[in-house]
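The values are calculated or read from the model by the stated rules, or taken from the named source; none is laboratory data. All values reported here derive from a predicted model rather than from experimental measurement. As a convention, Cβ positions derive from the backbone with ideal geometry for all residues, glycine included, and neighbour counts pool all protein chains shown.
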Amino acid sequence: MTTSERAEDLSPQMAGLKALMDVLAASPRAEIEACAQALGAVPEAQPVRGPETGLVMLRGRIGGDGAPFNLGEAVVTRATVRLDDGTVGHAYALGQDKAKARLCATLAALWSQGGCCEALLRDVAEPLAEARAGEASKVRREAAATRVDFFTMVRGDD
């Protein structure tokens with residue numbers, strides 16, 4: 001089952017949360033904090049678990065359909081928080097940034113409350129997604145600038 005097929009199976013609420021968490025995972029903490037300020041005062045969240053840092057095993061496949069193998073390990077930080085109304089949010093962040101994992105878990109809890117989903121999409125997810133798209137476009141342009149086209153010239157009829 002492909003990623004797009006799995007996304008189609010999700011409810012709109014879960015699909016929106018997945019989109020939010022995808023862009024939060026790919027964004028640096030400073031940008032997330034700047035976008036979160038547009039929401040106003042983010043409620044204080046009580047830690048349930050973590051933030052704590054550990055390792056996860058990365059698995060790969062040769063050619064996309066071969067037998068899985070252990071590719072290596074990655075450092076991941078996870079956090080679980082609870083808002084005052086009892087709503088719980090979970091987040092994982094690649095690396096050791098505990099503040100990022102906690103902030104992402106708080107934003108996930110806000111999404112689960114349901115009252116500010118549109119504001120989260122408008123003020124946080126969309127600006128961060130645009131920034132990531134801009135970065136990807138810059139990388140593509142830089143790679144295209146180094147592209148070498150090889151061709152063969154015929155010298156005559158031999």
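Listed here are the helices (runs of 4 or more DSSP H) enclosed by segment 1-117 that have at least 2 residues being modelled with pLDDT of 80 or more and surrounded by 11 or more Cβ atoms within 10 Å (Cβ to Cβ): 12-26, 29-36, 98-113. Going through (1) within 20 Å of LEU17 (Cβ to Cβ); (2) assigned to a helix (DSSP H, G or I) one by one, GLY134 falls short only on (1). Residue check: GLU73 meets all listed conditions (1) farther than 29 Å from ASP123 by Cβ; (2) touching a Lys or Arg at 6+ places or on another chain (Cβ under 8 Å) but one, namely (2).
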